[in-house]
Amino acid sequence: MKSETPHHNLTRHWQALDAAHHVHPFTDTAALNREGVRVITKGEGVYLWDSEGHRLIDGMSGLWCVQLGYGNAELAEAGCDALKRLPYYNHFFKTSNPWTIELAAKLASLLPEGHEHVLFANSGSEANDSALKLIRYYWNLKEKPEKKIHLSRDYAYHGVTMAAASLSGLTPMHPQWDLPLEGFEKVPAPYWYGARAAGYGDIGPDEFGVVIARKLEEKILELGPDRVASFSAEPVQGAGGVIFPPATYWPEVQRICRQYDVLIHLDEVITGFGRTGEWFGAGPTVLRPTS
Ligand SMILES: Cc1ncc(COP(=O)(O)O)c(C=O)c1O
């Protein structure tokens, strides 16, 4: 029998506690029960270590969010300073604080022109729920309360809450929870590498970008432009397969959404904050926005 090192003992201990008390999202529970959880004990730069002493390159950067690396001293010091000075206060009831105010102003200076306001959330999923609430509020204020349908794309990933999972186009996310909720509809993704398999034949990326954008137009016309509130999309689709849209796609989507008065909701959870080489995916590298 293989002799156990102290590492192995600790791993077994944590695995048993985890199995007894911790529920994992996005996990094949049968496989987890069979194999036991991997326990990550340390991070530094792009590396992680597990409790068995393995060093791993974190190619996905956590859930795409550790672009400044693990063990970043500057971040740790800023966090520590904030925790000591004002560890918590809310923004409800006409209240703010210097850190929130200055961060909102800084973000406004980095966002594409015309975006002046920031509403903070605690996760990407919650941010998307908040975006849908703002979209509904907007159309209610515009006295178009019948605009309630939210369009999004196949292979989309927008998060785990009821609304964010409904927006998501990864179908294994739906049946267990009776999702999507009513009023969530899908259109095809600009997935050029899959075009032949999807029956589009020998089509170039530029032509494909326009063809797929026009599937959005067809859907809007099928549902009725008066009922369609928004089109949600990641500038580059991440979890669905890192799908980079053809150059022709976004300009045509923008033309369509303008024409039918449909709001574009960009989910920048994994393309924002410098991860495409621009501050946001809505910058020139990905969207190449038209005026
Ligand atoms: C595009 C996108 N939107 C939303 C989310 C959800 O963010 P969170 O895990 O912070 O809820 C993710 C997570 O990876 C994501 O990739």
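The values are calculated or read from the model by the stated rules, or taken from the named source; none is laboratory data. Just so you know, these numbers come straight off a predicted model, no measurement behind them. Don't worry about glycine lacking a Cβ; one is built from the backbone with ideal geometry, like all the others, and counts go over all protein chains shown.
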Regarding Pro112, is this residue at pLDDT 95 or above, closer than 19 Å to Phe231 by Cβ and not aliphatic (A, V, I, L, M)?
-> no
What about Pro205, is it buried (at least 16 other Cβ atoms within 10 Å of the Cβ), in contact (Cβ under 8 Å) with a residue 24 or more places away in the chain and within 15 Å of the ligand (Cβ to nearest atom)?
-> no
Return yes or no: is Gly183 within 17 Å of Leu263 (Cα to Cα) and away from the ligand (no atom under 15 Å from the Cβ)?
-> yes
How many residues are part of a loop (DSSP other than H, G, I, E, B), closer than 18 Å to Tyr260 by Cα, out of contact with any Phe, Trp or Tyr (no Cβ under 6 Å at 6 or more places or on another chain) and in contact (Cβ under 8 Å) with a residue 40 or more places away in the chain if we restrict to the stretch 142-164?
-> 3
Grab the helices (runs of 4 or more DSSP H) fully contained in the stretch 4-65, keeping just those with 1 or more residues being surrounded by 14 or more Cβ atoms within 10 Å (Cβ to Cβ) and touching a residue at least 60 places away in the same chain (Cβ under 8 Å).
-> 61-64
For Glu252, indicate whether it is crowded, with 20+ Cβ neighbours inside 10 Å, away from the ligand (no atom under 16 Å from the Cβ), more than 25 Å from Leu63 (Cβ to Cβ) and of a type in the set (D, E, K, R).
-> yes
Meets criteria (over 26 Å from the mean Cα position of the chain (by Cα) and polar (S, T, N, Q)) for Ser96 = yes
Exactly one of Val242, Val253 is modelled with pLDDT of 95 or more and not aromatic (Phe, Trp, Tyr), and that one is Val253
Run Phe208 past the list (1) in contact with a strand residue (DSSP E or B) (Cβ under 8 Å, 6 or more places away or on another chain); (2) assigned to a helix (DSSP H, G or I); (3) among the aromatic types (Phe, Trp, Tyr) and report the number of the one that doesn't hold.
-> (1)
Within the stretch 129-153, can you find the residues that are within 14 Å of the ligand (Cβ to nearest atom) and closer than 21 Å to Tyr191 by Cβ?
-> Ser152, Arg153
In the stretch 109-125, is there at least one residue being surrounded by 14 or more Cβ atoms within 10 Å (Cβ to Cβ), in contact (Cβ under 8 Å) with a residue 12 or more places away in the chain, among the hydroxyl-bearing types (Ser, Thr, Tyr) and closer than 30 Å to Asp261 by Cα?
-> yes
Collect the residues in the stretch 92-126 that are under 23 Å from Leu63 (Cα atoms) and part of a loop (DSSP other than H, G, I, E, B), keeping them in residue-number order.
-> Leu111, Val118, Leu119, Phe120, Ala121, Asn122, Ser123
Taking the stretch 154-165 and keeping only residues that are away from the ligand (no atom under 11 Å from the Cβ) and touching a Lys or Arg at 6+ places or on another chain (Cβ under 9 Å), one is left with Asp154, Ala163
Filtering the stretch 222-243 down to residues that are in contact (Cβ under 8 Å) with a residue 12 or more places away in the chain and either over 14 Å from the mean Cα position of the chain (by Cα) or away from the ligand (no atom under 16 Å from the Cβ) (or both) yields Leu223, Pro225, Asp226, Arg227, Val228, Ala229, Ser230, Phe231
